[in-house]
Structures are given as C-alpha cells and as structure tokens.
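Taking it in order: structure first as structure tokens, then the write-up.
Read-outs throughout are calculated quantities, based only on the coordinates presented, and are distinct from any laboratory measurement. In this text the structure is predicted, and so the values were computed from the model without any measurement. Note that we place each Cβ from the backbone using ideal geometry, even for glycine, and neighbour counts take in every protein chain shown.
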C-alpha cells in the first residue's frame, strides 16, 4: 500500500458540510480530491466552485483514501443509517472493480462499533475483498462544527484514528500529519475505545494508544 503522500488521491463520498470541509482541507495541502455526491445540484455547485465533483465513485486511477462523510441524522442515540449504508455499498462495488488497494476512512458520526461491524460487512459483501488484505479500513471521526467546519479541519482539537491494521493506521496518520494537533490511536476499535477518547481528551501534542 504505497501512497504518494505529498499528493495523495482523496475521494470524498458524501459532499455536505463535513465532506466539503474535509476535501477542501486536503486540497489546501496539495492533494488531489474528488468529491462524490448523489445530489446533482450539489455536484453542480461544487463544479461551479472549480472543484472536481461527480455522482459516481471511480477507483480505477491508483490507490486512494476514500472518506465516508455521509449523512447520519440522529435523535439521541438513534441513528438513521440508510444513506450511510447505501453509500458504503457503492464504495464496496467500486472496490470490486479496482485493481488497487484503497483505504476506506469512516468519518461520518456513527454509533460505536459501526466501522468494524456494519461498514466492514457491507464493504466485504459488495467488494468480494477482505478488510486488512483487500482494502484498509479505519475510523477517523470528525469533530467539526457546521459554522466553522473548514477552520476546524485545519486546526483540529483532537484526531482519533482507529483500526486493527497497523499499516492502515500509519498511512492515515502520515496523511493527517500536516493538520494534526493531537491524536489518539485505537488499536482494537469496537471495545469502547472511541467512547473513552471522547471522555478523556488528550493534552496538546500528546499521542496516546488505547488498548
């Protein structure tokens, strides 16, 4: 899994507030970003702003970081994951037809365990590949406010990276190094690690590995 991190290929799946802020943040650091959204109106708006955008996920052009920034509306602890599930399935189908190994990054706000449970199952089902071998899978939850999303991406108060695959953790950590202030690396996601990170913010510039 060799990524040219000075100019990595980034695919943003779900180009709302979080997706657009994430993609714009990477573009500012010289990365090649493709915005994907099912809304033709949103795609048209992005193109009018000079951005590379479309309605289809294309992973044929070498290794990429695929960020899932899909909407997950919630009422309390109840999440509506229908759009998120459909978008994840579309990524799985794109993985199936790609000759390269990609890293799928779950950035949407989802319940604990979603990355290792729902996302992994859907990606493997639709791609025919295995997480950790055929593609990388990692959780990187967003901590962005709608009113200042792009500024929050550039100056995050904390970065959380959770994956069972050390190679995937290293790849995403290197990609985010230019914008990282603080980071927590969750070795075994799905065991309450992300919740622990939220409850115990790290000190500035301090790294921590949660068991």
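Summary table below
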item: Distance between region 118-139 and region 41-92 - C-alpha centres, whole angstrom; result: 17 Å
item: Sorted peptide list for 128-139, 68-79, criterion being average Cβ within 10 angstrom, highest first; result: 128-139, 68-79
item: Among 93-99, 19-25, the order from most to least packed when residues are scored by Cβ within 10 Å on average; result: 19-25, 93-99
